[in-house]
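Taken together, the values in this text are just the output of simple stated rules run on the coordinates, not laboratory data. Only a predicted model underlies this, so the values are computations on that prediction, with no experimental measurement involved. We place every Cβ from the backbone using ideal geometry, glycine too, and count neighbours over all the protein chains shown.
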Amino acid sequence: MIENIRLSFRGILSHKLRSFLTMLGIIIGIAAIIAIVSTIQGTNEQIQKNLIGSGVNNVTISLSQGDWSYDYSSGIPDGIPVVSKEQEEKLRKISHAENVSLFHVRQDYDAVYHLATSLSGGYVTGIDTDYLDTAGLTVYRGRGITARDILNFRKVCLLDSDSSTALFQGEDPVGLTVEIRGEPFIVAGVVRQKELFEPTIKTVSDYYTYTGDKSGRVYIPASVWPLIYQYDEPESVLIRADRTENMTAIGRDGETILNSAFTNENFTYKAENLMEQARQIQQLSESTNTMLLWIAAISLLVGGIGVMNIMLVSVSERTSEIGLKKAIGAPKKAIMIQFLTEAVVLTSTGGVLGVITGILLAELISQINGTPVAISVPASVFAVVFSMGIGILFGILPSHKAANLDPIEALRHE
């Protein structure tokens with residue numbers, strides 16, 4: 001086999017231009033496939049990162065009525081209990097769940113003021129001591145909400161960067177007062193994401209898809225929530241997954257635990273399935289690229305036909321050599337393997353060159369269009385193996401023809 005490979009490379013190098021032109025179809029096809037797959041994978045990773053954020057694998061489970069989250073401004077729904085301690089323990093034991101927090105949230109358009117400045121459309125969130133860590137938030141000014149704040153019903157609050165800017169216009173808010181529904185709250189601190197992340201925005205559609213609502217948030221101790229809203233209001237649940245891939249399963253398990261506590265058919269707890277949203281957007285982007293992959297596959301077919309053609313020419317050119325080998329006792333199998341090996345070496349070389357070209361092409365596309373790319377090692381390996389398969393498939397006919405030549409007629413051939 002090693003001798004056959006050596007002879008194959010000698011044959012390729014002795015006809016460099018012809019061999020290159022024969023491999024060109026394979027190179028173009030493989031390069032196109034690698035470039036397209038790399039672009040698809042890079043785009044999919046960017047979509048997933050844009051929706052979920054940089055390492056913040058949070059699953060939010062909230063009470064829903066039909067297809068929409070329930071609006072508590074309509075009142076507390078009948079027959080929906082608060083999350084019990086037993087349910088909370090079950091939530092914390094969900095496989096791959098790193099942390100769990102219970103919270104209340106309202107989008108309140110005229111609730112939060114500092115002097116005459118209103119936080120229009122802002123969110124008020126009642127949190128426990130686990131919320132900041134679960135949500136991936138860190139206090140970068142002042143302090144957080146402590147267990148003592150919750151236990152003593154202290155009217156303190158935290159602001160995020162958006163609400164701090166909207167209410168205080170760059171002034172340090174720590175220690176100052178905001179009013180939430182007429183109740184004064186002391187600003188204890190300002191929070192932001194531990195890993196600052198901004199999604200890649202290229203179009204207006206991307207903006208509305210990825211950025212969500214930037215109205216600003218105010219966080220208060222969950223224990224003082226009833227002072228400004230209502231008592232015994234069902235909570236939402238925030239769960240941090242250990243890995244992005246586990247978010248969907250954690251959401252399903254959390255829904256099951258929460259929905260088991262009541263039988264009101266008008267309401268259900270539903271998890272915000274960001275992974276499913278990412279998949280839906282990815283499918284839209286992949287539909288066009290699938291057509292491009294088929295076009296690239298056609299070029300591989302054309303390349304394979306070119307390999308078969310050049311191998312038939314090679315058999316004709318080496319008829320005397322084949323006759324001599326058969327005359328001195330070379331079996332059909334040896335002749336067939338020699339020409340199959342030559343076809344496989346030819347297409348494999350084309351496959352390797354195609355992978356290298358595809359990677360360079362993907363990087364070039366990324367530089368020109370700003371399209372994210374992610375080189376797929378499995379796709380690269382598969383491409384080379386696939387090119388070997390093309391060599392075997394399209395080398396069978398020429399090698400079979402060579403193996404079945406009549407040795408006497410072959411020796412007479414000039």
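Apply the Debye scattering formula to segment 45-197, with a single equal point scatterer on each alpha-carbon and no solvent, then give log10 I(q)/I(0) at q = 0.17, 0.18 Å⁻¹.
-1.24, -1.35
Run the quick spin-label model on residue 374 and residue 78: label points 7 Å from Cα toward the beta carbon, then report their separation in nm to one decimal.
Using points 7 Å along Cα→Cβ, the separation is 4.9 nm.
Once fully extended, how much extra length lies between residue 260 and residue 381, figured as 0.36 nm per residue of separation less the alpha-carbon to alpha-carbon distance?
38.8 nm
At residue 129 and residue 86, where each label point lies 7 Å from the Cα along Cα→Cβ, what is the point-to-point distance in nanometres?
Distance between the two pseudo-spin positions: 2.5 nm.
Pull out the extension gain between residue 227 and residue 245, defined as 0.36 nm times the separation in residues minus the alpha carbon to alpha carbon distance; nm, one decimal.
Fully extending the segment from residue 227 to residue 245 adds 2.6 nm.
At 0.36 nm per residue, and after removing the present C-alpha to C-alpha distance, how many nm does the segment from residue 69 to residue 396 gain when stretched out fully?
Contour length minus Cα-Cα distance gives 111.5 nm.
Using a basic spin-label model with each label point 7 Å from the Cα along Cα→Cβ, how many nm lie between residue 363 and residue 146?
For the pair residue 363/residue 146, the computed spacing is 5.4 nm.
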